[in-house]
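Undergrad: Once you've had a glance at the structure underneath, I'll fire off some questions.
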Amino acid sequence: MPRRSPNSLKDDKKTSIKSSFNALVYIPRFFKEIWRVNKSLFILSAFCRLIGALLPVVILWIGKLIIDEIILQISLDVPDYNSLWTYVAVEFALIILSDLISRAISLTDGLLGDEYSITTSITIIKKTNQINISLLEDSEFYDKLERARTQTNGRVGLMSNVLGQAQSAISIATLVAGLIYFEPYLIILLVLSIIPSFINEVRFSQQQYSLARSWTSERRELDYLRFIGANDKTAKEIKLFGLTDFVVNRFKNLSEEYYQLNKKLAIKRSALGFLFNVLGSMSYYGAYVFIIYRVLSGSITLGELTFLSGSFNRLMRNLQDFFSKFTRISESALYLKDYFDFIDISIVSKVKEDIPLPKKITKGFEIKDVRFAYPNSELEILKGITFNLKAGEKLAFVGQNGAGKTTLIKLLLRFYEPTSGEILLDGININRFNMAEYQEYFGVIFQDFFRYEFTVKENIAIGNINELDNQNKIENAAELSLANEVVSELKHGYNQQLGKRFANGQELSGGQWQKVALARAYMKNAEVMILDEPTSALDARAESEVFERFIGLTEGKTSIIISHRFSTVRQADRILVLEHGKALEIGTHEELIKNQALYAELFTLQAEGYQ
């Protein structure tokens, strides 16, 4: 992977301060989502923040009354402390209330944040399911998905910051009103103490986002290196091939680049932040000296001194916090933009009509002059392939690695669309069918099937998850795929947790995993069955038995088999031989042997290997 230069903040992915502010337009939509998550919690949080915003100035005012009352009672010959103790009691109650409100805000924010996090995670999962495989396999798009997926905590923090900002705004308004009432000139000093620091924070938060965004793919690589460097699935090869130093050095070099860029930015941000903070402190003490002078001159009372100094100090801290949060909000809003950009991706179908699928295939599939190159690639994988897959026929794909076998399956499943040419089902272009209904037509097991770290029962039921509670169907599928032999060796049978990620999990061998995965194919009574190298980890005897069962059980069903073992593919009705993305020959095993072309050559080579 190419490395970035130290000036990567100047790359084309850099965002501007303007873009940081423009991203704030997503805040209203963000809160509409939160409102839909839990209206009651949202209202309770808003109410608590309103009370919390008014309490500071009220507490300061009560403090002023206490000081003035103390001075008054000292000057009296016969003091009366009833009012004084009433003020103290009120201040005590307000302090308790303030703590209660603060805890209520933390509680409601936490609960609301958790609910929103769950909702957005579900939204991302569902949206990902709607997106074409072609997009998910694009690295730039995957970066966008990664940002949307990993920024959930940031969005929850954004919610608290925005609500806190509204609370601060109310509190600031009341404190400003108090200052204006007594000493309006203090507002000028306040502005001088805050504005430079605010500009500094906005500038650096934008640069921090630019750095994080431009390094999305590199940070994914760092996560990958962490995974392969400390994982039970890779430990054997890491040890055997002595890869530890290679992985460590690659991780160290890449992380060091990012660290140096981040370090440079952090030092500069801290240094300028310190200078602007000194300016703020000078402004504060300038105001403090001014207030003391006003007391000494008799213009204001000691109580008013307490109120003004407390108000100015709290107001300055509130404003600093307000502007600091504002910069965090503008930065988080940029991440929010990534999230909405992702969920707003329109799923455009070239064909708008959704015609009904045939209940039973009568003619079969017709592949007509299909060509295909993966997005952003000029290399054609399929180069004008034409053939028929008849209804009820079992067709085997044969060819060396890279011939285009699995790519052809992806086109049949509509994971991709042909660059040119078309695929017909019973004479109708497959793009005219509803995609979800069309894909439901197939029962497929890929060579690179996923090993779900669920129970055995759940792993098998994935083939037809609506039958999760149908134990008889699950056990029948396991028997057909020979997975029942695996289950019999497990302590908890069908309820055995698989994999080592969770407690009491048990890892399976490659062949055992394949038997479990094969059972999924038998869970769905699909019109079309596809087995893409699903038995590569099985021994010859087990594979032969699996395919014999498959051939028998799919009698009358349209099926496609991909396998490198010719003892398996010869059981198919016909065999399609692919070479360099072209259909080289098609026919029965006997016909292809007589052709004395590629199939006969490969069959002879494999047969000699068993002699």
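The values are calculated or read from the model by the stated rules, or taken from the named source; none is laboratory data. Bear in mind that the values here come from a model prediction, so they are computed numbers and not experimental data. We place every Cβ from the backbone using ideal geometry, glycine too, and count neighbours over all the protein chains shown.
Undergrad: Whether any residue in segment 510-523 is part of a loop (DSSP other than H, G, I, E, B) and surrounded by fewer than 21 Cβ atoms within 10 Å (Cβ to Cβ) is what I want to check. Talk me through it step by step, then tell me what you get.
TA: Filtering segment 510-523 for residues part of a loop (DSSP other than H, G, I, E, B) gives 522-523.
Remaining after also requiring surrounded by fewer than 21 Cβ atoms within 10 Å (Cβ to Cβ): none.
Checked against the condition, which is being part of a loop (DSSP other than H, G, I, E, B) and surrounded by fewer than 21 Cβ atoms within 10 Å (Cβ to Cβ), segment 510-523 yields no hits at all.
Undergrad: Considering only residues that are of a type in the set (Ser, Thr, Tyr) and at pLDDT below 75, look in segment 135-176 and name the one that is farthest from Asp109 (Cα to Cα).
TA: Filtering segment 135-176 for residues that are of a type in the set (Ser, Thr, Tyr) and at pLDDT below 75, the one farthest from Asp109 (Cα to Cα) comes out as Ser139.
Undergrad: OK, next. Within segment 106-114, is even one residue out of contact with any His (no Cβ under 7 Å at 6 or more places or on another chain), without any contact (Cβ under 8 Å) to a residue 60 or more places away in the chain and surrounded by 17 or more Cβ atoms within 10 Å (Cβ to Cβ)?
TA: Yes, because at least one residue in segment 106-114 is out of contact with any His (no Cβ under 7 Å at 6 or more places or on another chain), without any contact (Cβ under 8 Å) to a residue 60 or more places away in the chain and surrounded by 17 or more Cβ atoms within 10 Å (Cβ to Cβ).
Undergrad: Provide a single number: the residues in segment 369-382 that are within 25 Å of Asp573 (Cβ to Cβ) and either outside the structural domain of Leu605 (by TED's automatic domain parsing) or surrounded by fewer than 16 Cβ atoms within 10 Å (Cβ to Cβ) (or both).
TA: Matching residues across segment 369-382 total 1.
Undergrad: Modelled with pLDDT of 85 or more and touching a Pro at 6+ places or on another chain (Cβ under 9 Å): does that describe Tyr438?
TA: When the stated conditions are applied, Tyr438 does not pass them.
Undergrad: Would segment 389-410 turn up any residue that is under 27 Å from the mean Cα position of the chain (by Cα), on the phi < 0 side of the Ramachandran plot and aliphatic (A, V, I, L, M)?
TA: Scanning segment 389-410 turns up no residue that is under 27 Å from the mean Cα position of the chain (by Cα), on the phi < 0 side of the Ramachandran plot and aliphatic (A, V, I, L, M).
Undergrad: Sort out which residues of segment 419-430 are surrounded by fewer than 19 Cβ atoms within 10 Å (Cβ to Cβ) and either among the aromatic types (Phe, Trp, Tyr) or free of Cβ contacts under 8 Å to residues at least 60 places away in the same chain (or both), and write them in order of number.
TA: Hits for segment 419-430 are Thr419, Ser420, Gly421, Glu422, Leu424.
Undergrad: When only residues in segment 337-353 that are in a loop (DSSP other than H, G, I, E, B) and hydrophobic (A, V, I, L, M, F, W, C) count, which is modelled with the lowest pLDDT?
TA: In this case the residue turns out to be Val351.
Undergrad: Taking the options Ile593, Ile530, name whichever one is more than 24 Å from Asn476 (Cα to Cα) and either touching a Cys at 6+ places or on another chain (Cβ under 8 Å) or at pLDDT 85 or above (or both).
TA: Ile593
Undergrad: Just give me the residues in segment 386-423 being in a strand (DSSP E or B) and closer than 27 Å to Gly463 by Cβ, in sequence order.
TA: Restricting attention to segment 386-423, the residues satisfying the condition of being in a strand (DSSP E or B) are 386-390, 394-398, 420-423.
Across segment 386-423, the qualifying residues are Leu389, Lys390, Lys394, Leu395, Ala396, Phe397, Val398, Ile423.
Undergrad: Out of the residues in segment 557-597 meeting the condition of being assigned to a helix (DSSP H, G or I) and without any contact (Cβ under 8 Å) to a residue 12 or more places away in the chain, tell me which one is surrounded by the fewest Cβ atoms within 10 Å (Cβ to Cβ).
TA: Going through the qualifying residues, I end up with Glu590.
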